[in-house]
Each structure stands twice: as C-alpha cells, then as structure tokens.
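These notes concern the structure reproduced below.
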Amino acid sequence: MSLLRPGTHQPVPRELVARCHELGLLTWRLDANGLPMEEPDAPELLAMWMSSKQFRAELTTLASAWSGMDTPQAVEPRPGMWVFPFEEVHRRRRTGYVVAIGFGREILESDLLEPSCVGGSLQLSAVRHQLAAHATLNERCAQHLSSSLRWMFNDLTRSTKDTQTIGGFTEQLGFAYETVTMLCELGRSMGSIDDPMSFIRAVAESLAETLQYGWVAVRLTDENGDKVHQYGSVRLDDGELGVTIARIDSGEPDAVAGSTQIYGVDDPSSRLGPQVVCHPIERAGKRFGMIIAGGKAGDDPQVSTYETKSFESLTGLLGAFLENVGLYEEQRQTFLGTIRAMSGALDAKDRYTRGHSDRVAHLSEGIARSLGFDEDEAKRVHLAGILHDIGKIGVPESVLCKPGRLTDEEFGKIKLHPEIGHEILKGIPSLRDVLPGVLHHHERYDGRGYPHGLAGEDIPLLARIIGVADTFDAMSSNRAYHSKMPREVVLAEIRKCSGSQFDPRVAEAFLTLDLSEYDRMVADHASQDAFTQAA
C-alpha cells in the first residue's frame, strides 16, 4: 500500500482531440487491446460503419502491433485509411489509445467498405457518400500530419504535466499553509495546562477539519490504564473502535512511514475507512498514547506523505503539552502537599482542632457549588478553606490550647491570626485569589467582625462562605473551652444568625447541603485523635 497519493491518470489531452476534429479526422477511444471503450466520435452513419466487426478487427490488429513499440506509430492498414495512435498511461503503464482516423479517395473503392457495410446492415452508397466528405488526405499529407500530430501530442502532454505539477505544488502550498496555521493556533493554546482535555479536543478537531477525517480518536495511557476520547463528525460505536484498536495493538500495519502506521479497510462501506492512520504520542522517550484517525473525505481518500508529516507535528505538539501537564500536576501535588503539611502542623499544635481545616474546606466547597460556582472556582474555595486558619501557627500554643475562658488580651492574640495568615501567604503568587478568604473569614455581615469591621457585600464572598463553614464546624466540634453542640441546635443558630453574622444567601446555601460526608470526616478525625492519644 503506497503512502503517496495514487498516480494520476494521463489521458490524451482534450485539446489534441479537438484539433483532430478540426482537421477532419475521426477519433475513437480504445483499450490496450484495441477494443472500443466509447462510441466513435464521428457522424452517426460513419460511427455505425466503424463499429462493424470488420473495421474493429483492423484496430485490434494494429493494437497488437503497437503493444511491442515504445511509441506507437501511425500506419496505413488499408489504402486510403490512416490511423494515428496516441497512448493513454496510468501509473506509467499503457492502458489504451485514442486513435485519430483519416481517409483518402482510395478508401471509397477499398475492399473493406462493402463487407463492413453488409456486416453492419448499412447502405453502401450512403456510407460512401458520407465518407467522401472526409476523404481529403493523400500519402504526403498523411506523413506531415503524423509528424505534426505527434509533436502536438507530446507538447500538450508536457503542458498538461506542467499544469498538474503546478497544481500539485499549489495544493501542497495550501496544505502547508493550513498546517502551519493550525499548529500556530494550537501552539497559542498550549498554556491551558489546567484544562488538558480542552487542548486535546482542539488538536483532534483541528486535525479532523484540516485533513478532512471523519473521525479522530485520542487514546491516552497512564498508570490507571487506557482512555479513548472520540471526536469528529462520524461517531463510531464501541465495537468498531474496539476492533480497530485491537488491530493496532497486534502491530501488523499495511504500511509504515516513520512512526505513522496505516491500516487498510477491506469493507468499502465501513465508516472506518478507506484507511486508518495511527501515530504515537511521545515525548523524551515517554509514551502518552496515540492518535487514530479514519473516514477520510475529499477528492483523494488515500493517506498522503503530507498528512503523515502533519500527524507527526501534531503528536509532537501534543506530547510536549502532556509532558507539561504532568510536570504541572507534579508541582501542584507538591504545593498541595506543602499546604497540607502546614495545616497538619497547625493541627499538631491544637488537638481540639484536628481536621478542622479539611472539614471547613469541604463545607466551603459545597456552599460554593450550591451558589453556582464552576469546578475550578469551587476547588479554589476548597483551598482557601484549608488555609483559612494558617495564621494560628503564629499564636502561642498556651493561648490556642487554654482549657478555660480566654482573657481579653489572649482573645486579642487569637484575633490576629487572619492577618498573620495573610502575611504568611501573600508572597505566594498562586494564592492571591484565596487571600481574601484567609484575611476576612471572621468579618460579620452586620459589620461587628474582625479584623477590619467590614459589612455586607464589602466582605469578599469567599470570606462570607468560609465564615459560615468555620462557625458550623466550631459549634459542631469539641473545643478546649466548650463541648460540641447538637446538630439541630447548630442549624438553628445558623438560621438565627442569618442576616446578622452571616450573609443570608450563603446561610441558605449551607442549609441545603448533605452533611453525610462531613459526618464521616468528623468520625475519621476523631479516630485519628484517639489513636494519637493512645500512642
């Protein structure tokens, strides 16, 4: 199976046929054996005469002789009848001829005329009369005409090839422009590593549109196994796609160009074909998966070398992107690990608040989702919840863990923790959006909170959300200075304080939450605390 576009058919130029007609010649398209492929291009009566068995036998005899010649020569098989052959070529193989046929006065008395008329049930006088109008050649004229026609044929064939070459270069240039444009547009999108599936979708859809593939599948491989994502205008069912992937995994392609594998599709009616292309997604020796495509449309459904280069470029781009995604995820996990370590350090200072930050983060994320926050926004709220009390690291342990009532001075030290937390985190660029939650989560809706006494909508929404979650968990947990309160009492207090301590909209969103996961977290943290004390 060739990766190149199939060789073009090189027919006899139409301009040559038209010139033959202007010269009074009749034309006929034959196969390589001299058998007719079309009706003769001649007046009706002469076309019927030429279609007779006797006349056609003359042509098959000539074709047999031409088959042994590099260039078929003009010949006079009967006195007054000249045949000028012009070869048709497909993939460098002669597949037929267009013959131009001219007549001289001798043909009117030829022994071919009467038998062919009888065999074709034609009236001899009528054929002879019409043939006389075309019987204008003589031997000298035929020799000059043969040379002129061969020259015209060669010249027009070269011109046609040049036109095809220019057209091919134009097509390649257009294709290259589309590919470069596609790669530039995708390159500008590579920064969206926090949403890798959007970029993967953009790559697949660009490939389908630019290269005219009906379907494109991206198979991603990681430690959890394979996932296949399908794009394009044609939607394959799981069976079709599964069979294709199984065949690819067998490692027996019909053709290979570099890292690109091509598989033929035997069933012409299949939505897979006519060919399926597969290229691995790799970067620095690491394999991330593969791109698979098929159902190619357009004038030429075969895979070209230009397309395999595009697959190589796109998968290279995608491999670099996925490598960056992996590095970003490693950094993110390292960062979150650091954050959790800081939160754990706080829990270690005060056993009564073990798991408090995780629970506040969970409740805050739930409130955010209830208020209509999207996935990314809700995750940032969760992060703010984890960090909201980080400033308590700067509060003396004797104050944090004091079992009795705090003095005004001690409470003043506790009230510093939002600003301490803000000061600790403000130098981290990636946490700028969560700082308002850390600094203002103890503000009150009525303006009586701290540290700045903000009120109503002046309090950042993030802080209003954390404030409700923080208060709920504080009332629902055992502390050094109080025991946890019953659930119904806590919920009643949330309702009671809506509009004074809490934003009514946030309080209402909280009251819709399912608290079963929260209760599980409380139980887990309690068991961890018991284990720590026992140890």
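The values are calculated or read from the model by the stated rules, or taken from the named source; none is laboratory data. Predicted model, so just to flag it, every value in this text is computed and none were measured. Every residue, glycine as well, gets a Cβ built from its backbone with ideal geometry; the counts of neighbours run over all protein chains shown.
Closer than 25 Å to LEU511 by Cβ, without any contact (Cβ under 8 Å) to a residue 24 or more places away in the chain and surrounded by 18 or more Cβ atoms within 10 Å (Cβ to Cβ): is that true of ALA384 in this structure?
no
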Given the criterion at pLDDT 70 or above and on the phi > 0 side of the Ramachandran plot, identify the matching residue among SER116, SER121, SER147, SER125. SER121
Could you check ALA523 against (1) surrounded by 15 or more Cβ atoms within 10 Å (Cβ to Cβ); (2) at pLDDT below 95 and say which number it fails? (1)
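To keep it simple, each residue is scored yes or no on (1) aliphatic (A, V, I, L, M); (2) assigned to a helix (DSSP H, G or I).
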| position | (1), (2) |
| --- | --- |
| VAL303 | yes, no |
| LYS309 | no, yes |
| GLU312 | no, yes |
| THR315 | no, yes |
| LEU322 | yes, yes |
| GLY326 | no, yes |
| GLN331 | no, yes |
| PHE335 | no, yes |
| ALA341 | yes, yes |
With the condition kept exactly as written, say whether any residue in the stretch 387-402 is among the hydroxyl-bearing types (Ser, Thr, Tyr) and in contact (Cβ under 8 Å) with a residue 24 or more places away in the chain. no
Test ILE466 against the stated conditions and say whether it is under 20 Å from SER357 (Cα atoms), among the aliphatic types (A, V, I, L, M), touching a Gly at 6+ places or on another chain (Cβ under 8 Å) and surrounded by 17 or more Cβ atoms within 10 Å (Cβ to Cβ). yes
Is it true that some residue in the stretch 123-130 is surrounded by 13 or more Cβ atoms within 10 Å (Cβ to Cβ), more than 27 Å from ARG14 (Cβ to Cβ) and among the polar types (S, T, N, Q)? no
In the stretch 488-517, residue farthest from ASP458 (Cα to Cα) [restricted to those that are of a type in the set (A, V, I, L, M) and not in a helix (DSSP H, G or I)]: LEU515
Consider the stretch 67-86. How many of its residues are under 59 Å from the mean Cα position of the chain (by Cα) and crowded, with 21+ Cβ neighbours inside 10 Å? 5
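When the stretch 229-239 is examined, which residues are found to be of a type in the set (D, E, K, R) and farther than 19 Å from GLY289 by Cβ?
ARG235, ASP237, listed by residue number.
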Just to be sure I understand the filter: pairs with C-beta atoms under 9 Å, separated by 6 or more residues or on different chains, first member in the stretch 311-323 and of a type in the set (Gly, Ala, Ser), second member crowded, with 22+ Cβ neighbours inside 10 Å and not in a helix (DSSP H, G or I). Which pairs pass? GLY316/ILE281; GLY319/ILE281
Among the residues of the stretch 213-229, count how many are surrounded by 17 or more Cβ atoms within 10 Å (Cβ to Cβ) and either under 17 Å from SER270 (Cα atoms) or over 16 Å from the mean Cα position of the chain (by Cα) (or both). 5
ILE107 being of a type in the set (A, V, I, L, M), under 13 Å from LEU137 (Cα atoms) and in contact (Cβ under 8 Å) with a residue 40 or more places away in the chain: no
Please enumerate the residues belonging to the stretch 411-437 that are in a helix (DSSP H, G or I) and surrounded by fewer than 17 Cβ atoms within 10 Å (Cβ to Cβ). PHE411, GLY412, GLU419, GLU423, PRO429, SER430, ARG432, ASP433
Exactly one of GLU282, GLU312, GLU307, GLU323 is under 30 Å from ILE386 (Cα atoms), modelled with pLDDT of 75 or more and either in the same structural domain as ALA204 (by TED's automatic domain parsing) or exposed (fewer than 14 other Cβ atoms within 10 Å of the Cβ) (or both), and that one is GLU323
Quick check: is even one residue across the stretch 495-502 out of contact with any helix residue (DSSP H, G or I) (no Cβ under 6 Å at 6 or more places or on another chain) and small (Gly, Ala, Ser)? yes
